[in-house]
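Each remark here refers to the structure printed beneath this line.
The values are calculated or read from the model by the stated rules, or taken from the named source; none is laboratory data. From a predicted model like this one, the values you see are computed outputs, not experimental measurements. When we count neighbours, we look across all protein chains shown, and the Cβ atoms used for this are built from the backbone with ideal geometry, even at glycine. All accessible areas refer to the heavy atoms of the entire protein, side chains included, with ligands and DNA or RNA removed. Shrake-Rupley method; radii C 1.70, N 1.55, O 1.52, S 1.80 Å.
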Amino acid sequence: MRSLIRPVMKSSLPSLQRRRERGVSLIVILVMILALAFIALGAMSSSAIQERMAGNERDRNVALQAAEAALRDGEADVQAHLDASSPFSLACVSGLCMPPSETASGATSAPIWQTIDWATQSRAYGSQTGAPPLVGPDNVALASQPAYIVERLPELAPCAGCSRCSTCGPSINPLAFRITARATGVRPTTVVILQSTYVKQ
């Protein structure tokens, strides 16, 4: 009887060790799976952030190109239609503005392009030149068409070799205009504002 019982008791010890080893292996595998899951989540998050950054940069480039086109449109408008007799005013009617004047203390108010209502006090792209509406990449419409304002700057000094004549009628001095263009990308939150100074002889 004793000889039959002993082999059974001895054979149960290796079986218990194998169960413990399987339990430890299971924990190690679970930890490794959890670590891999965190790595995968981090990679997905990084990829999503990079995709958003690329999209933002692309939309900013679209808005930048639209603003540059609006500047060229404004310069063509100045060259073809505007002169010293054009109705520039502090109220910026139809996008024709006089720059804010200095106060007695020498300070000036905020720049016009920061205070005007771009929807009502500007000149729409193509409205004076007949240029067709702009579109974004893949013919996707922009959030809004670009617009610009034109400020008449103080009269420039006579050109080299020219003399000033107070009784000769209209001024022959070159005129300077500041053109400010505002454009959006495909998204309305992407806004670019550019300026140029245009001198018309």
Can you spot a residue in region 105-120 that is part of a loop (DSSP other than H, G, I, E, B), over 12 Å from Ala66 (Cβ atoms), under 20 Å from the mean Cα position of the chain (by Cα) and among the charged types (D, E, K, R)?
yes
List, please: which pairs have Cβ atoms under 7 Å, are six or more places apart or on different chains, and start with a residue in region 109-123 that is on the phi < 0 side of the Ramachandran plot and end with one that is surrounded by fewer than 18 Cβ atoms within 10 Å (Cβ to Cβ)?
Ser109/Pro100; Ile112/Pro99; Ile112/Pro100; Trp113/Ile193
Subset of region 24-55 [over 30 Å from Gly185 (Cβ atoms) and of a type in the set (Lys, Arg)]:
none
Pairs, please: C-beta under 7 Å, at least 6 apart or cross-chain, first residue surrounded by 10 or more Cβ atoms within 10 Å (Cβ to Cβ) and in region 40-68, second part of a helix (DSSP H, G or I)?
Val62/Pro137
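Scan Gly74, Gly136 and give me the residue that is open to solvent by less than 30 Å² (accessible area, probe 1.4 Å), out of contact with any Phe, Trp or Tyr (no Cβ under 9 Å at 6 or more places or on another chain) and in contact (Cβ under 8 Å) with a residue 40 or more places away in the chain. Full working, then the answer.
Working: Gly74 fails: out of contact with any Phe, Trp or Tyr (no Cβ under 9 Å at 6 or more places or on another chain).
The conditions single out Gly136.
Inspect all residues belonging to region 8-17 and state whether any of them is at pLDDT 75 or above and either loosely packed, with under 10 Cβ neighbours inside 10 Å or assigned to a helix (DSSP H, G or I) (or both). Before you say what the answer is, go through the steps one by one.
Here is the first cut: in region 8-17, the residues at pLDDT 75 or above are none.
Within region 8-17, none of the residues are at pLDDT 75 or above and either loosely packed, with under 10 Cβ neighbours inside 10 Å or assigned to a helix (DSSP H, G or I) (or both).
Hey, among the residues in region 69-88 that are in a loop (DSSP other than H, G, I, E, B) and not hydroxyl-bearing (Ser, Thr, Tyr), which one's farthest from the chain's Cα centre (by Cα)? Can you show your working first?
Going through region 69-88, the residues in a loop (DSSP other than H, G, I, E, B) turn out to be 82-88.
This time we only want the ones that are not hydroxyl-bearing (Ser, Thr, Tyr), so: 82-84, 87-88.
Working: Leu82: 30, Asp83: 32, Ala84: 34, Pro87: 32, Phe88: 29 Å.
So the residue we want is Ala84.
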So, Pro99, is that one touching an Asp or Glu at 6+ places or on another chain (Cβ under 7 Å), surrounded by 10 or more Cβ atoms within 10 Å (Cβ to Cβ), farther than 17 Å from Ser144 by Cα and modelled with pLDDT under 90 or not?
yes
